[in-house]
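All remarks here apply to the structure that follows.
Derivation of every value follows stated rules applied to the coordinates shown; laboratory data play no part. The model shown is predicted, which means the values in this text are computed figures rather than measured ones. Here the Cβ positions follow ideal geometry from the backbone for every residue, glycine too, while neighbour counts run over all protein chains shown.
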Amino acid sequence: MDLPELTEARAPHVTDRFPARRERFLEELERFLAAPGLRIREPQKLCRRPPHAAPGSRGVARGQALFNTLPIAITDVSGINDDFNVKTVMGTCTTCHDTPHAGNHSVPTPLDIGVADPPVAHAAGGDGVHNRFGLPVADMPVYVLRRNGTVDDLKLVTDPGRALITGKWKDVGRFKGPILRALAGRAPYFHNGSAASLLDVVNFYDARFALGLTPQQKLDLVAFLRTL
Ligand code: HEC
């Protein structure tokens, strides 16, 4: 379609000061609008829903519900199960990410959820790259730490964690629960960046706590985490 050109359209404020130009602009505008076949698009509405939540934001709400209520049997977490001497604590994501509007752990209790676990060697049935919860950690050092006064009380970790600060054996491999705000803008995740994406984070938790999440539930959790 051959449309007349709007020469002054880009600077209407200038035309205010020059009446002749203004006249010409308005004439052009009239011709432009009268052109056959011209269709003016509806002005686009500003939409605050983030694009990743499309085609509906229900996934975010479902993900939020999972984050708040999906039962997680917390076992073998150093800092919870050993310190309180309970084999299993029934909780949710919010047991450890419990600060309202921030998502970090509200108490200074570093935990070992297995992120610093070393790769599983071929001899042990692994691929030498991923740890037992599926995080790729082959490019990290493995520290073999021996408890003072013992011969074979050993811990293997890719990062001694809190123990570097306190010097305590029980703090080996423990890390604080971080703030979860603005996650979408700062991949990779965990203290060592071993989760490249939020889906990798969710897959880690699925493996670590045997959650049995469906593919849809994983996407919903990711959709929710992306909005924080
Ligand atoms: C038993 C406590 C615990 C539970 C339960 C838990 N988290 Fe975490 N979370 C942690 C700790 C501790 C870290 C830090 C680990 C690290 O970096 O070594 C963490 C880290 C994260 C991170 C990475 C943040 C960053 O900035 O790198 C995300 C995302 C996250 N958790 C989401 C979740 C979701 C989703 C759930 C529920 C499916 C969940 N967490 C359940 C303790 C927990």
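Run the numbers for VAL107 and ALA138: contour at 0.36 nm per residue of separation, minus the present Cα-Cα distance, in nm. Working shown, then result.
On the way: separation 31, 0.36 × 31 = 11.16 nm, distance 3.16 nm.
That works out to 8.0 nm of additional length.
If you stretched the chain out fully between LEU154 and LEU38, how much longer would it get, using 0.36 nm times the residue separation minus the C-alpha to C-alpha distance? If you can, show how the numbers build up before the last one.
On the way: separation 116, 0.36 × 116 = 41.76 nm, distance 7.70 nm.
Result for the pair: 34.1 nm of gain on full extension.
So if each residue of separation counts as 0.36 nm, and I subtract the Cα-Cα distance between ALA65 and LEU145, what length gain in nm does that give? Intermediate results must be reported in sequence, preceding the final value.
Values: separation 80, 0.36 × 80 = 28.80 nm, distance 4.01 nm.
Value of the extension gain: 24.8 nm.
Which pairs break 24 Å Cα to Cα here: LYS170/LYS218; LYS87/LYS176; LYS155/LYS218? Don't skip to the answer; put the middle values down first.
Working: LYS170/LYS218 32 Å; LYS87/LYS176 21 Å; LYS155/LYS218 32 Å.
Going by Cα-Cα distance, LYS170/LYS218; LYS155/LYS218 fall outside the 24 Å limit.
State, to one decimal in nm, how far the label point of ALA73 lies from the label point of ASP98, with both points 7 Å from Cα in the Cβ direction.
About 2.2 nm separates the two model spin labels.
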